[in-house]
Structure formats: structure tokens, C-alpha cells
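What follows is a single structure, written as C-alpha cells, with notes after it.
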């Protein structure tokens, strides 16, 4: 690989993407240095990252104090920066006899006489640090020694690459969380403004029919806002556990509608079923409309069930004791029921009235995938 300056911006950016600078000791890297020291019979073993102005010790064995506790040494105290700049191995049997290194501070500061180091090269081909061993007496590094060093260097880089991936994923998740929060804020503001405008228009008109329609539209916007809010507080991965979502949604509705809590007034059963967030929105709107209707025109209680009626088919039922036409197999009265009918059709489902006057909606499992 081509040489790279210590302060090269591309190299430093790659170094920071690892997320390993100024982190506490890591057992994975400590195991590597212990293994290096034992296999190569070397009193000094280091896994390091080379920053612009310091040599950061991810793990070390045999480095003197105070550098061991500080977990870093000045750049001129180690031979590792030379490895990073050159982008290739540095193997020395006796640094004191090497014209390039005999005056190097590492000899006096750390007693380094024999040294063997390999660069840590990231997946983009950038040298970010080293894995090295050193001895305080002259020695000849054998091919087996260098092969072992190469294998453990590859292991160290794999570990660093994994940490980099985790760091980058965490950063993406944090940005996504902020973006979702901003979208949620804007959606809620937009729905609130829309509802307020509809309510203002309803108060301003003398036409009773128009007033009723505007109030109904405002109520629909409130329903959508409620479903959105519950979904935002529930969904985190793009998939929603529908049973928990529907129970929480109905609890919210019951509180909003003044339905007393307790089995006598509220009965909700939902089978476990994980659905994408967009399907949860549609089902949330359906349930909100039907549950509100059941409470308002029924006996003031709520009975809801979502079960797997047969393999590949789910059944959603909402009690509606106030329905006047239980024989009607396709209830469509009012804008709310028309909305429910449209949403059911979008899910390839079928809507009908049960013998008890409640609403029955059959949904294919494929539509919820």
C-alpha cells in the first residue's frame, strides 16, 4: 500500500470511524496481546491506533508507566508510526545496530531492542494502526513468528472492522431517530392545524348539514392523529406487534371516551401477529373508527377480538350493539363506515355484520405481510 502521512485527513477520518479512540480497555484486544506475548515469547505486545499526535494503546503488555495507565504514548516514543507511514511491516533484530533506528527514543523510553510490527489496514486500504511485538534483547524473528504476527494482526483488524460497523450503525440509527421525531412533530402539527381549521369552519357556518359534515371531517382527522401518535410511540423497527398495538390503542380510546376500565366494560382479545407499520396504520384506523362507533351508539362498552380464524386468514370483530340493521352484510352508513370499507378493501378483506350486530372483518394473512 502507498505511504500515508500521519496527519492525512483521509487516514484520520478512517481512524475516527472505528469509534475506538479514548475508549476503556477491551477484553477482546487484551486477549490478543496476551496471546501475542505468549506465542512469540515477547515481553512487549501492543495493539495500537496511530492518531495525528499520539499513539493510542488499545491493549498492551510490557509498556512502562505512566504510559501503560494513560493507554497512550507520544508519537516519537514508538516505532509503530513508522509502520503506519510506510504502510508495510517493520522487522528489526537489534534497533541499536540499525542506522535508521539506533537513536530512536523508543530504545531508551521502553527498552525496545528487537521489534516486529505490521500495519492495521482497514477495509478501504487505509493504515490506521499496528500490531507489534518487541523484545529487550536482540533476537531473530523466525518465519513462524512473523506468520503468527500476521494471523493475529488480521484478527485484530476483523475486530476493529466489526466495531467500526457497529459505530456507524449506531450513528445511522441516531440520525434516523432524529428524522423520525422531526417527521412525527410535523405530522402532528399538520393534523392539529387541519382539525382546527375544520372546527373553525364548522363554527362559522349556519348550514346545519355542512356543519355536521365539517365536524365529522374534524373527527376523522383526530382519529388519524390518534392512530399516528400511538404508532409512533409503539413502532421502532418498521414492524409492529399488532396485539400489543391494538390493546394500547383501545386503552387510549377508552380513556378518551370515558369508558370505565374493567372486564365488564372492556374486553379485548388479540392474537399475536407482527405486521409492517403501514398495515398497522390501516388496522389502527379501522379499529379506532369501529371502537368509537361501538361505544357511542352501543351500550357504552367495547368488545374487540382479532384472531386467526383459519390458516392464512384473520378475523377482526368489534361489538356494535347499537346497530339497527344487523341483516345488512355490507355496512356503509356515514363517512366513518365508508372509510372503514375502503381500508378493508385495500387490505383485500371482506366486511359484514355479525348476528349480534357487531362488525366482522375477514382479512387474508398475505395482506398483513
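Listing for the model above:
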{"item": "Positions within segment 111-139 being part of a strand (DSSP E or B) and under 19 Å from residue 11 (Cα atoms), in sequence order", "result": "117, 118, 119, 120, 121, 127, 128, 129, 130, 131"}
{"item": "Residues within segment 19-56 that are closer than 20 Å to residue 5 by Cα, part of a loop (DSSP other than H, G, I, E, B) and in contact with a strand residue (DSSP E or B) (Cβ under 7 Å, 6 or more places away or on another chain), tallied", "result": "2"}
{"item": "Unique match (being at pLDDT 80 or above, touching a helix residue (DSSP H, G or I) at 6+ places or on another chain (Cβ under 9 Å), closer than 17 Å to residue 365 by Cα and in a strand (DSSP E or B)) among 343, 316", "result": "316"}
{"item": "Residue list for segment 57-86, filter: free of Cβ contacts under 8 Å to residues at least 60 places away in the same chain, within 21 Å of residue 5 (Cα to Cα) and not in a loop (DSSP other than H, G, I, E, B)", "result": "57, 72, 73, 76, 77, 80, 82, 83"}
{"item": "Given (1) buried (at least 17 other Cβ atoms within 10 Å of the Cβ); (2) over 29 Å from the mean Cα position of the chain (by Cα); (3) in a loop (DSSP other than H, G, I, E, B), index of the condition residue 7 fails", "result": "(1)"}
{"item": "Per-region count, segment 98-143, residues loosely packed, with under 15 Cβ neighbours inside 10 Å and either in contact (Cβ under 8 Å) with a residue 40 or more places away in the chain or not assigned by TED's automatic domain parsing to the domain that holds residue 78 (or both)", "result": "4"}
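The values are calculated or read from the model by the stated rules, or taken from the named source; none is laboratory data. For clarity, every value in this text was computed on a predicted model and none was experimentally measured. Positions of Cβ are backbone-derived with ideal geometry, glycine not excepted, and every protein chain shown enters the neighbour counts.
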